[in-house]
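Peer 1: Take this structure first; my questions come after.
The values are calculated or read from the model by the stated rules, or taken from the named source; none is laboratory data. Treat the numbers as computed from the prediction; the structure is a model and nothing was measured. Here the Cβ positions follow ideal geometry from the backbone for every residue, glycine too, while neighbour counts run over all protein chains shown.
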Amino acid sequence: MELFSTVLFHLNKEVDLAFLAHEMVDLDWLAPQTWCVIGNSYASMHEHDQAITCFQRAIQLDPHFAYAYSLQGLEHTENEEYDKARQCFMNALRANRRLYNAW
């Protein structure tokens, strides 16, 4: 679902993304994937700080969830916090050396 939410983000489908976020919350509030979907929803609305908080929650739920680190890094890039972004991308690569968007 986190990948599908990224597709919706890139297609600028804000309404569909928000609906997916609500569905994911109803399905499993404590899944890290849910928090990635919510974070992508905030990111689509240019609420970068809220998105970072959601991705951080996903990481708290699963410290090895590389995709959440990479999404958080992208949001730090949007906020021009390049040192934080670099650290997030490095954490993503530690969790999964093959994650393309962390590279």
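Peer 1: All but one of (1) in contact with a Ser or Thr (Cβ under 8 Å, 6 or more places away or on another chain); (2) without any contact (Cβ under 8 Å) to a residue 24 or more places away in the chain; (3) under 17 Å from GLU78 (Cβ atoms) hold for ASN40; which doesn't?
Peer 2: (2)
Peer 1: Taking the condition farther than 18 Å from ALA31 by Cα, of a type in the set (Phe, Trp, Tyr) and modelled with pLDDT of 95 or more, does TYR82 pass?
Peer 2: yes
Peer 1: To continue, here is another question. From ASN40, ASN12, which residue is at positive phi and either of a type outside the set (Phe, Trp, Tyr) or surrounded by fewer than 17 Cβ atoms within 10 Å (Cβ to Cβ) (or both)?
Peer 2: Step by step, each of ASN40, ASN12 is checked, and only ASN12 is at positive phi and either of a type outside the set (Phe, Trp, Tyr) or surrounded by fewer than 17 Cβ atoms within 10 Å (Cβ to Cβ) (or both).
Peer 1: Please pick out the residue among GLN72, GLN56, GLN33 that is surrounded by fewer than 21 Cβ atoms within 10 Å (Cβ to Cβ), touching a residue at least 12 places away in the same chain (Cβ under 8 Å), within 9 Å of the chain's Cα centre (by Cα) and closer than 26 Å to ARG98 by Cα.
Peer 2: Criteria check complete, one pass: GLN56.
Peer 1: Let me ask you something else. Among the residues in segment 61-73, are any among the acidic types (Asp, Glu), at pLDDT 95 or above and part of a helix (DSSP H, G or I)?
Peer 2: No, because not a single residue in segment 61-73 is among the acidic types (Asp, Glu), at pLDDT 95 or above and part of a helix (DSSP H, G or I).
Peer 1: How about segment 77-101: which of its residues are touching a His at 6+ places or on another chain (Cβ under 6 Å) and among the polar types (S, T, N, Q)?
Peer 2: ASN79
Peer 1: Name, by its number, the condition in (1) closer than 17 Å to SER44 by Cβ; (2) surrounded by fewer than 21 Cβ atoms within 10 Å (Cβ to Cβ); (3) in contact with a Pro (Cβ under 8 Å, 6 or more places away or on another chain) that does not hold for GLU78.
Peer 2: (3)
Peer 1: Show the residue pairs meeting these rules: Cβ distance below 7 Å; 6+ apart or different chains; first residue within segment 1-16 and under 15 Å from TYR67 (Cβ atoms); second residue of a type in the set (Val, Ile, Thr) and assigned to a helix (DSSP H, G or I).
Peer 2: MET1/VAL37; GLU2/VAL37; SER5/VAL37
Peer 1: In segment 14-37, which residue that is among the acidic types (Asp, Glu) and assigned to a helix (DSSP H, G or I) is farthest from LEU74 (Cα to Cα)?
Peer 2: That would be ASP26.
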